[in-house]
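The values are calculated or read from the model by the stated rules, or taken from the named source; none is laboratory data. Quick caveat: nothing in here was measured; it's all calculated off a predicted structure. Glycine also receives a Cβ, built like all others from the backbone with ideal geometry; neighbour counts cover every protein chain displayed.
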Amino acid sequence: MSSSGYIYNACVATCDPKVPGAYGRLQNANVVWQDGLIHYVGVEPYTSKGFAGERINAHGRLVTPGFIDCHTHAVYAGDRAQEFERRLRGESYAAIAASGGGIAHTVAATRKASIATLLSLAETRLARLMQSGVTSVEVKSGYGLDYDNEIKILETIQALNGRLPLHVFATCLAAHTLPEGFDGDHDSYIDWVCEGLLPEVKRRNLARAVDVFCESIAFNLDQGRRLFCKARELGFAIKGHVEQLSQSYGTDLICEFNGVSADHLEYLEGSQVQKMKAAGVTAVLLPGAYYFLQESRCPPVALLRQHRVPMAIATDMNPGSSPLFSITSAANMACVQFGLSLDEALLGITRHGAKALGLEQSKGMLKQGMDADVLLWPVDSPANIIYESPSVAPEKIWISGTLYDADVGASRGMS
Ligand code: NIG
Ligand code: FE
(Lines give C-alpha, C1' and ligand atoms only; values in the text may rest on other atoms or scores of the structure.)
(Ligands and ions follow the chains in the order given, each with its own letter.)
Protein backbone atom coordinates (compact mmCIF):
# COMPACT_ATOMS: atom_id res chain seq x y z
CA MET A 1 0.00 0.00 0.00
CA SER A 2 1.30 3.48 -0.87
CA SER A 3 2.31 5.65 2.04
CA SER A 4 2.51 8.78 -0.11
CA GLY A 5 -0.32 11.18 -0.79
CA TYR A 6 -1.21 14.67 -1.93
CA ILE A 7 -4.32 16.51 -0.72
CA TYR A 8 -5.07 19.77 -2.51
CA ASN A 9 -7.70 22.48 -2.27
CA ALA A 10 -8.06 21.93 1.49
CA CYS A 11 -8.70 24.06 4.54
CA VAL A 12 -5.77 22.86 6.66
CA ALA A 13 -5.66 23.10 10.46
CA THR A 14 -1.89 22.66 10.75
CA CYS A 15 -1.87 23.15 14.57
CA ASP A 16 1.66 24.49 13.98
CA PRO A 17 2.39 27.50 16.24
CA LYS A 18 4.64 28.97 13.52
CA VAL A 19 1.64 29.34 11.20
CA PRO A 20 -0.36 32.45 12.17
CA GLY A 21 -3.88 32.11 13.55
CA ALA A 22 -5.24 30.13 16.45
CA TYR A 23 -4.65 26.67 15.05
CA GLY A 24 -2.42 27.56 12.11
CA ARG A 25 -5.22 27.57 9.56
CA LEU A 26 -4.34 27.64 5.86
CA GLN A 27 -7.00 28.14 3.19
CA ASN A 28 -6.76 26.58 -0.29
CA ALA A 29 -3.75 24.64 0.91
CA ASN A 30 -1.94 21.42 0.10
CA VAL A 31 -0.64 18.61 2.29
CA VAL A 32 1.87 16.19 0.80
CA TRP A 33 3.44 13.17 2.41
CA GLN A 34 5.96 10.58 1.31
CA ASP A 35 7.11 7.37 2.94
CA GLY A 36 4.94 8.01 5.97
CA LEU A 37 6.21 11.52 6.75
CA ILE A 38 4.79 14.96 5.96
CA HIS A 39 6.80 16.40 3.10
CA TYR A 40 5.06 19.72 2.40
CA VAL A 41 2.25 21.84 3.88
CA GLY A 42 1.44 25.18 2.32
CA VAL A 43 -0.53 27.29 -0.10
CA GLU A 44 2.02 27.26 -2.90
CA PRO A 45 1.16 24.68 -5.55
CA TYR A 46 3.23 21.56 -5.07
CA THR A 47 5.26 20.45 -8.05
CA SER A 48 4.16 16.89 -8.16
CA LYS A 49 6.12 15.79 -11.21
CA GLY A 50 7.11 12.19 -10.72
CA PHE A 51 4.94 11.94 -7.59
CA ALA A 52 3.51 8.43 -7.43
CA GLY A 53 1.10 8.72 -4.51
CA GLU A 54 -2.64 9.21 -4.32
CA ARG A 55 -4.05 12.70 -5.16
CA ILE A 56 -7.16 13.89 -3.38
CA ASN A 57 -9.17 17.01 -4.10
CA ALA A 58 -10.52 18.14 -0.71
CA HIS A 59 -13.00 20.55 -2.33
CA GLY A 60 -12.35 23.07 0.47
CA ARG A 61 -13.00 20.63 3.29
CA LEU A 62 -11.01 20.46 6.52
CA VAL A 63 -7.78 18.51 6.99
CA THR A 64 -6.38 18.08 10.51
CA PRO A 65 -3.60 16.11 12.16
CA GLY A 66 -4.70 12.73 13.50
CA PHE A 67 -6.20 13.17 16.96
CA ILE A 68 -4.41 12.03 20.08
CA ASP A 69 -6.12 10.53 23.12
CA CYS A 70 -3.35 10.86 25.71
CA HIS A 71 -5.11 9.21 28.70
CA THR A 72 -7.16 6.00 28.57
CA HIS A 73 -7.65 2.82 30.55
CA ALA A 74 -8.93 0.91 27.51
CA VAL A 75 -7.92 -2.60 28.65
CA TYR A 76 -10.44 -3.99 31.15
CA ALA A 77 -13.15 -6.59 31.48
CA GLY A 78 -16.65 -6.20 32.88
CA ASP A 79 -18.57 -3.00 33.42
CA ARG A 80 -19.66 -0.80 36.32
CA ALA A 81 -23.28 -0.07 35.37
CA GLN A 82 -24.46 -1.00 38.88
CA GLU A 83 -22.00 1.46 40.35
CA PHE A 84 -23.32 4.11 37.99
CA GLU A 85 -26.76 3.44 39.42
CA ARG A 86 -25.41 3.71 42.99
CA ARG A 87 -23.82 7.03 42.17
CA LEU A 88 -27.07 8.30 40.68
CA ARG A 89 -28.69 7.43 44.01
CA GLY A 90 -26.16 9.66 45.74
CA GLU A 91 -23.21 7.46 46.75
CA SER A 92 -19.83 9.04 46.01
CA TYR A 93 -17.01 7.53 43.93
CA ALA A 94 -14.80 7.50 47.04
CA ALA A 95 -17.48 5.80 49.19
CA ILE A 96 -18.03 3.09 46.58
CA ALA A 97 -14.25 2.53 46.39
CA ALA A 98 -14.08 2.30 50.20
CA SER A 99 -16.80 -0.37 50.19
CA GLY A 100 -14.72 -2.60 47.90
CA GLY A 101 -16.23 -1.46 44.60
CA GLY A 102 -14.77 0.95 42.08
CA ILE A 103 -11.36 0.08 40.66
CA ALA A 104 -11.27 -3.15 42.75
CA HIS A 105 -14.41 -4.37 40.99
CA THR A 106 -12.78 -3.98 37.58
CA VAL A 107 -9.56 -5.57 38.86
CA ALA A 108 -11.50 -8.72 39.82
CA ALA A 109 -13.14 -8.97 36.38
CA THR A 110 -9.90 -8.20 34.52
CA ARG A 111 -7.89 -10.77 36.46
CA LYS A 112 -10.34 -13.47 35.33
CA ALA A 113 -10.08 -12.51 31.63
CA SER A 114 -7.60 -14.04 29.18
CA ILE A 115 -5.36 -11.95 26.94
CA ALA A 116 -7.55 -12.98 23.98
CA THR A 117 -10.68 -11.67 25.70
CA LEU A 118 -9.03 -8.43 26.81
CA LEU A 119 -7.62 -7.93 23.34
CA SER A 120 -10.95 -8.33 21.65
CA LEU A 121 -12.72 -6.01 24.12
CA ALA A 122 -10.06 -3.32 23.86
CA GLU A 123 -9.89 -3.63 20.09
CA THR A 124 -13.58 -2.83 19.82
CA ARG A 125 -13.19 0.19 22.12
CA LEU A 126 -10.18 1.56 20.26
CA ALA A 127 -11.89 1.02 16.92
CA ARG A 128 -14.71 3.22 18.21
CA LEU A 129 -12.19 5.83 19.30
CA MET A 130 -10.65 5.76 15.84
CA GLN A 131 -14.05 6.61 14.36
CA SER A 132 -13.77 9.92 16.22
CA GLY A 133 -10.41 10.62 14.53
CA VAL A 134 -7.93 9.19 17.01
CA THR A 135 -4.72 7.93 15.39
CA SER A 136 -2.57 7.77 18.55
CA VAL A 137 -3.72 6.57 21.93
CA GLU A 138 -2.17 6.06 25.34
CA VAL A 139 -3.42 3.02 27.27
CA LYS A 140 -2.67 2.37 30.93
CA SER A 141 -2.44 -0.84 32.91
CA GLY A 142 -3.76 -0.64 36.47
CA TYR A 143 -6.54 -3.23 36.61
CA GLY A 144 -4.14 -6.10 37.28
CA LEU A 145 -2.24 -5.03 40.40
CA ASP A 146 -0.17 -8.20 40.66
CA TYR A 147 2.72 -9.44 38.57
CA ASP A 148 0.88 -11.78 36.22
CA ASN A 149 -2.06 -9.50 35.64
CA GLU A 150 -0.17 -6.22 35.19
CA ILE A 151 2.11 -7.98 32.69
CA LYS A 152 -0.95 -9.54 31.00
CA ILE A 153 -2.50 -6.09 30.50
CA LEU A 154 0.75 -4.56 29.25
CA GLU A 155 1.16 -7.45 26.81
CA THR A 156 -2.39 -6.85 25.64
CA ILE A 157 -1.58 -3.18 25.04
CA GLN A 158 1.51 -4.19 23.10
CA ALA A 159 -0.52 -6.64 21.00
CA LEU A 160 -3.10 -3.92 20.20
CA ASN A 161 -0.41 -2.16 18.20
CA GLY A 162 -0.42 -4.96 15.66
CA ARG A 163 -4.20 -5.45 15.63
CA LEU A 164 -5.28 -1.91 14.79
CA PRO A 165 -3.69 0.77 12.63
CA LEU A 166 -3.55 3.26 15.52
CA HIS A 167 -0.31 3.99 17.34
CA VAL A 168 -0.71 2.65 20.88
CA PHE A 169 1.54 3.88 23.74
CA ALA A 170 1.59 1.99 27.03
CA THR A 171 1.80 3.40 30.57
CA CYS A 172 2.27 1.32 33.71
CA LEU A 173 -0.33 2.33 36.34
CA ALA A 174 0.29 -0.47 38.83
CA ALA A 175 0.03 2.27 41.51
CA HIS A 176 -3.70 2.68 40.81
CA THR A 177 -5.09 1.40 44.10
CA LEU A 178 -4.01 -1.00 46.86
CA PRO A 179 -4.99 -4.55 45.89
CA GLU A 180 -6.39 -7.12 48.32
CA GLY A 181 -3.83 -9.00 50.36
CA PHE A 182 -1.72 -6.03 51.47
CA ASP A 183 -3.81 -5.31 54.54
CA GLY A 184 -3.61 -1.55 54.24
CA ASP A 185 0.15 -1.62 53.72
CA HIS A 186 0.55 0.79 50.81
CA ASP A 187 4.29 1.11 51.42
CA SER A 188 4.96 -2.59 50.87
CA TYR A 189 2.90 -2.56 47.71
CA ILE A 190 4.87 0.40 46.31
CA ASP A 191 8.11 -1.40 47.24
CA TRP A 192 6.92 -4.36 45.21
CA VAL A 193 5.96 -2.18 42.22
CA CYS A 194 9.43 -0.57 42.34
CA GLU A 195 11.47 -3.70 42.80
CA GLY A 196 9.28 -6.55 41.59
CA LEU A 197 7.50 -5.08 38.58
CA LEU A 198 9.01 -1.94 37.01
CA PRO A 199 12.45 -3.46 36.23
CA GLU A 200 10.75 -6.28 34.28
CA VAL A 201 8.42 -3.85 32.49
CA LYS A 202 11.51 -1.91 31.46
CA ARG A 203 13.51 -4.97 30.46
CA ARG A 204 10.68 -6.10 28.18
CA ASN A 205 9.96 -2.56 26.99
CA LEU A 206 6.29 -2.95 27.89
CA ALA A 207 5.64 0.70 28.81
CA ARG A 208 7.01 4.16 28.12
CA ALA A 209 5.65 5.92 31.20
CA VAL A 210 4.80 5.35 34.85
CA ASP A 211 1.64 6.79 36.42
CA VAL A 212 0.26 6.96 39.98
CA PHE A 213 -3.15 7.78 41.47
CA CYS A 214 -2.19 10.29 44.15
CA GLU A 215 -5.24 10.63 46.40
CA SER A 216 -6.43 9.82 49.89
CA ILE A 217 -8.15 6.67 48.54
CA ALA A 218 -4.99 5.59 46.71
CA PHE A 219 -1.32 6.59 47.29
CA ASN A 220 0.26 9.45 49.21
CA LEU A 221 3.01 11.84 48.17
CA ASP A 222 5.77 9.90 49.83
CA GLN A 223 4.76 6.71 48.05
CA GLY A 224 4.47 8.65 44.78
CA ARG A 225 7.97 10.04 45.29
CA ARG A 226 9.48 6.59 45.81
CA LEU A 227 7.71 5.33 42.69
CA PHE A 228 8.91 8.26 40.59
CA CYS A 229 12.51 7.88 41.84
CA LYS A 230 12.52 4.31 40.57
CA ALA A 231 10.74 5.29 37.35
CA ARG A 232 13.31 8.00 36.70
CA GLU A 233 16.20 5.64 37.46
CA LEU A 234 14.81 3.18 34.91
CA GLY A 235 14.20 5.87 32.29
CA PHE A 236 10.39 5.97 32.21
CA ALA A 237 8.44 9.15 31.48
CA ILE A 238 6.47 10.33 34.52
CA LYS A 239 2.81 11.34 34.85
CA GLY A 240 0.01 11.11 37.38
CA HIS A 241 -3.67 11.21 38.35
CA VAL A 242 -3.54 14.23 40.63
CA GLU A 243 -5.76 16.86 42.26
CA GLN A 244 -8.84 14.93 41.12
CA LEU A 245 -10.94 14.54 44.27
CA SER A 246 -8.90 16.77 46.60
CA GLN A 247 -5.71 18.82 46.53
CA SER A 248 -3.21 15.97 46.77
CA TYR A 249 -0.11 18.00 45.76
CA GLY A 250 0.72 15.23 43.31
CA THR A 251 1.15 17.95 40.69
CA ASP A 252 4.04 19.46 42.69
CA LEU A 253 5.65 16.03 42.75
CA ILE A 254 5.28 15.62 38.99
CA CYS A 255 6.87 19.05 38.53
CA GLU A 256 9.73 18.08 40.83
CA PHE A 257 10.40 15.07 38.56
CA ASN A 258 9.90 17.03 35.32
CA GLY A 259 7.07 14.75 34.33
CA VAL A 260 5.32 14.96 30.98
CA SER A 261 1.79 15.54 32.33
CA ALA A 262 -0.44 16.09 35.34
CA ASP A 263 -3.94 14.72 34.75
CA HIS A 264 -7.44 15.62 36.11
CA LEU A 265 -6.54 18.80 38.11
CA GLU A 266 -9.97 19.83 39.42
CA TYR A 267 -8.34 20.86 42.73
CA LEU A 268 -5.24 22.51 41.20
CA GLU A 269 -4.33 25.93 42.61
CA GLY A 270 -2.41 28.98 41.42
CA SER A 271 1.06 28.23 42.78
CA GLN A 272 0.87 24.75 41.27
CA VAL A 273 0.01 26.20 37.86
CA GLN A 274 3.19 28.30 38.00
CA LYS A 275 5.24 25.23 38.88
CA MET A 276 3.75 23.39 35.90
CA LYS A 277 4.77 26.20 33.59
CA ALA A 278 8.30 26.29 35.00
CA ALA A 279 8.71 22.50 34.74
CA GLY A 280 7.13 22.17 31.26
CA VAL A 281 4.36 19.87 32.49
CA THR A 282 1.25 19.56 30.30
CA ALA A 283 -2.19 19.77 31.94
CA VAL A 284 -4.43 16.89 30.87
CA LEU A 285 -8.12 17.73 31.30
CA LEU A 286 -10.53 14.82 31.62
CA PRO A 287 -14.03 16.27 31.31
CA GLY A 288 -15.59 12.80 30.97
CA ALA A 289 -14.64 11.96 34.58
CA TYR A 290 -15.89 15.34 35.78
CA TYR A 291 -19.19 14.73 33.99
CA PHE A 292 -19.80 11.11 35.05
CA LEU A 293 -18.77 11.76 38.65
CA GLN A 294 -21.04 14.83 38.70
CA GLU A 295 -18.25 16.98 40.04
CA SER A 296 -18.88 20.64 40.67
CA ARG A 297 -15.34 21.99 40.75
CA CYS A 298 -13.68 22.59 37.36
CA PRO A 299 -9.93 22.68 36.72
CA PRO A 300 -8.61 26.29 36.83
CA VAL A 301 -8.66 26.78 33.08
CA ALA A 302 -8.34 30.58 33.22
CA LEU A 303 -5.13 30.27 35.29
CA LEU A 304 -3.70 27.58 33.02
CA ARG A 305 -4.47 29.82 30.05
CA GLN A 306 -2.97 32.88 31.76
CA HIS A 307 0.28 31.04 32.53
CA ARG A 308 0.36 29.43 29.08
CA VAL A 309 0.39 25.88 30.38
CA PRO A 310 -0.55 23.65 27.42
CA MET A 311 -3.93 22.00 27.98
CA ALA A 312 -4.50 18.56 26.50
CA ILE A 313 -7.91 16.84 26.53
CA ALA A 314 -8.42 13.09 26.79
CA THR A 315 -11.32 10.66 27.18
CA ASP A 316 -9.99 8.87 30.32
CA MET A 317 -11.89 5.92 28.80
CA ASN A 318 -12.57 3.53 31.70
CA PRO A 319 -15.56 1.60 33.07
CA GLY A 320 -15.92 3.62 36.27
CA SER A 321 -15.38 7.34 36.08
CA SER A 322 -15.49 7.85 32.32
CA PRO A 323 -17.16 5.36 29.97
CA LEU A 324 -16.49 7.68 27.04
CA PHE A 325 -15.37 6.47 23.61
CA SER A 326 -15.08 9.60 21.49
CA ILE A 327 -12.25 12.15 21.62
CA THR A 328 -14.40 14.78 19.91
CA SER A 329 -17.03 14.32 22.64
CA ALA A 330 -14.28 14.89 25.23
CA ALA A 331 -13.38 18.08 23.34
CA ASN A 332 -17.05 19.11 23.32
CA MET A 333 -17.31 18.57 27.09
CA ALA A 334 -14.09 20.54 27.68
CA CYS A 335 -15.69 23.48 25.87
CA VAL A 336 -19.14 23.25 27.46
CA GLN A 337 -18.12 22.28 31.01
CA PHE A 338 -14.64 23.77 31.44
CA GLY A 339 -14.93 26.82 29.18
CA LEU A 340 -12.23 26.03 26.64
CA SER A 341 -12.52 27.75 23.28
CA LEU A 342 -12.93 25.65 20.17
CA ASP A 343 -9.37 26.54 19.17
CA GLU A 344 -8.04 25.40 22.54
CA ALA A 345 -10.06 22.20 22.27
CA LEU A 346 -8.61 21.38 18.85
CA LEU A 347 -5.06 21.94 20.14
CA GLY A 348 -5.97 19.84 23.20
CA ILE A 349 -6.53 16.77 21.04
CA THR A 350 -3.63 17.43 18.65
CA ARG A 351 -0.44 19.32 19.52
CA HIS A 352 -0.97 19.42 23.28
CA GLY A 353 -2.10 15.79 23.39
CA ALA A 354 1.19 14.87 21.69
CA LYS A 355 3.13 16.92 24.25
CA ALA A 356 1.41 15.10 27.12
CA LEU A 357 2.93 11.91 25.72
CA GLY A 358 6.35 13.41 24.97
CA LEU A 359 5.64 13.01 21.25
CA GLU A 360 5.68 16.67 20.22
CA GLN A 361 8.58 16.09 17.80
CA SER A 362 6.63 13.64 15.66
CA LYS A 363 2.88 14.03 16.20
CA GLY A 364 0.05 16.51 16.67
CA MET A 365 0.89 18.94 13.84
CA LEU A 366 0.84 19.01 10.07
CA LYS A 367 4.34 20.21 9.30
CA GLN A 368 7.28 18.93 7.32
CA GLY A 369 8.99 15.97 8.98
CA MET A 370 6.09 14.98 11.25
CA ASP A 371 4.39 11.60 11.00
CA ALA A 372 1.77 11.58 8.24
CA ASP A 373 -1.23 10.98 10.53
CA VAL A 374 -3.85 12.94 8.60
CA LEU A 375 -7.64 13.27 8.74
CA LEU A 376 -9.94 14.53 5.97
CA TRP A 377 -13.32 15.67 7.34
CA PRO A 378 -16.68 16.09 5.62
CA VAL A 379 -16.95 19.64 7.08
CA ASP A 380 -14.87 22.77 6.66
CA SER A 381 -14.28 23.90 10.24
CA PRO A 382 -13.24 22.37 13.59
CA ALA A 383 -16.35 23.93 15.12
CA ASN A 384 -18.53 21.54 13.15
CA ILE A 385 -16.59 18.50 14.35
CA ILE A 386 -16.73 19.46 18.02
CA TYR A 387 -20.22 20.90 18.07
CA GLU A 388 -21.89 17.94 16.41
CA SER A 389 -19.80 15.30 18.14
CA PRO A 390 -19.91 12.34 18.06
CA SER A 391 -21.89 12.26 14.84
CA VAL A 392 -19.21 13.76 12.57
CA ALA A 393 -16.57 11.16 11.64
CA PRO A 394 -13.52 11.61 9.45
CA GLU A 395 -14.07 10.73 5.82
CA LYS A 396 -10.55 9.43 5.37
CA ILE A 397 -7.83 8.50 7.85
CA TRP A 398 -4.16 8.13 6.97
CA ILE A 399 -1.84 6.73 9.61
CA SER A 400 1.91 6.93 8.89
CA GLY A 401 0.79 7.89 5.41
CA THR A 402 -1.32 4.79 4.73
CA LEU A 403 -5.05 5.09 4.11
CA TYR A 404 -7.33 3.17 6.49
CA ASP A 405 -11.04 2.60 6.45
CA ALA A 406 -12.51 5.38 8.60
CA ASP A 407 -15.29 2.96 9.42
CA VAL A 408 -12.88 0.48 10.98
CA GLY A 409 -15.26 0.25 13.96
CA ALA A 410 -18.13 -0.88 11.77
CA SER A 411 -15.98 -3.59 10.24
CA ARG A 412 -15.50 -4.93 13.78
CA GLY A 413 -19.14 -5.46 14.48
CA MET A 414 -19.95 -1.99 15.82
CA SER A 415 -22.83 0.08 14.57
O1 NIG B 1 -8.82 8.36 35.76
N2 NIG B 1 -8.69 8.23 39.16
C3 NIG B 1 -8.36 7.08 39.01
N4 NIG B 1 -8.46 6.33 37.92
C5 NIG B 1 -9.45 6.44 36.89
C6 NIG B 1 -10.70 5.76 37.26
C7 NIG B 1 -10.57 4.33 37.17
C8 NIG B 1 -11.81 3.60 37.58
O9 NIG B 1 -12.70 4.15 38.28
O10 NIG B 1 -11.88 2.43 37.19
C11 NIG B 1 -9.69 7.86 36.45
O12 NIG B 1 -10.71 8.49 36.76
FE1 FE C 1 -7.52 7.96 34.41
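Going through (1) away from ligand 1 (no atom under 16 Å from the Cβ); (2) among the β-branched types (Val, Ile, Thr); (3) free of Cβ contacts under 8 Å to residues at least 24 places away in the same chain one by one, Ile115 falls short only on (3).
Yes/no matrix, rows are residues, columns are (1) surrounded by 19 or more Cβ atoms within 10 Å (Cβ to Cβ); (2) among the polar types (S, T, N, Q):
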{"residue": "Pro319", "(1), (2)": "yes, no"}
{"residue": "Ser326", "(1), (2)": "yes, yes"}
{"residue": "Asp371", "(1), (2)": "yes, no"}
{"residue": "Pro390", "(1), (2)": "no, no"}
{"residue": "Ala393", "(1), (2)": "yes, no"}
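In this structure, does Phe67 turn out to be under 24 Å from the mean Cα position of the chain (by Cα), buried (at least 21 other Cβ atoms within 10 Å of the Cβ) and among the aromatic types (Phe, Trp, Tyr)?
yes
Matching residues to (1) in contact with a helix residue (DSSP H, G or I) (Cβ under 6 Å, 6 or more places away or on another chain); (2) of a type in the set (Asp, Glu):
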| residue | (1), (2) |
| --- | --- |
| Gly42 | no, no |
| Gly50 | no, no |
| Asp79 | no, yes |
| Ala95 | no, no |
| Ala98 | no, no |
| Gly101 | yes, no |
| Val107 | no, no |
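Among the residues examined, Leu253 does not qualify as surrounded by fewer than 24 Cβ atoms within 10 Å (Cβ to Cβ), under 30 Å from Glu91 (Cα atoms), out of contact with any His (no Cβ under 9 Å at 6 or more places or on another chain) and not aromatic (Phe, Trp, Tyr). A count restricted to segment 107-148 and to residues that are of a type in the set (Val, Ile, Thr) and within 20 Å of the chain's Cα centre (by Cα) stands at 5. From the residues in segment 285-337 that are over 17 Å from Ala356 (Cα atoms), free of Cβ contacts under 8 Å to residues at least 60 places away in the same chain and within 16 Å of ligand 2 (Cβ to nearest atom), which one is farthest from the chain's Cα centre (by Cα)? Going through the qualifying residues, I end up with Glu295. Taken across segment 138-154, residues that are crowded, with 24+ Cβ neighbours inside 10 Å, more than 16 Å from ligand 2 (Cβ to nearest atom) and β-branched (Val, Ile, Thr) do not occur at all. For the condition within 16 Å of ligand 2 (Cβ to nearest atom) and either in contact (Cβ under 8 Å) with a residue 60 or more places away in the chain or touching a His at 6+ places or on another chain (Cβ under 6 Å) (or both), Leu265 does not qualify. Residue count for segment 70-96 under the criterion of being within 12 Å of ligand 1 (Cβ to nearest atom), surrounded by fewer than 17 Cβ atoms within 10 Å (Cβ to Cβ) and of a type outside the set (Gly, Ala, Ser): the result is 2. Against the conditions (1) in contact with a strand residue (DSSP E or B) (Cβ under 6 Å, 6 or more places away or on another chain); (2) away from ligand 1 (no atom under 16 Å from the Cβ); (3) in contact (Cβ under 8 Å) with a residue 40 or more places away in the chain, Ala345 satisfies every one except (1). Residues satisfying the criterion are absent from segment 283-299 (criterion: crowded, with 18+ Cβ neighbours inside 10 Å and more than 16 Å from ligand 1 (Cβ to nearest atom)). Cβ separations smaller than 7 Å between residues 6+ apart or across chains give the following pairs from segment 395-411 residues that are under 15 Å from Ser326 (Cα atoms) to residues that are modelled with pLDDT of 95 or more and acidic (Asp, Glu): Ala406/Glu395. Each residue in segment 222-247 was checked for being away from ligand 1 (no atom under 16 Å from the Cβ) and assigned to a helix (DSSP H, G or I), and 10 pass.
Within segment 182-199, the set of residues being part of a loop (DSSP other than H, G, I, E, B) and either aromatic (Phe, Trp, Tyr) or surrounded by 13 or more Cβ atoms within 10 Å (Cβ to Cβ) (or both) comprises just one member, Phe182. The set of residues from segment 79-95 being closer than 21 Å to Val212 by Cα and within 16 Å of ligand 2 (Cβ to nearest atom) comprises Tyr93, Ala94.
In segment 54-76, the residues that are at positive phi form Cβ pairs under 8 Å with partners that are assigned to a loop (DSSP other than H, G, I, E, B) and more than 16 Å from ligand 2 (Cβ to nearest atom), at six or more places apart or across chains, as follows: Gly60/Asp380.
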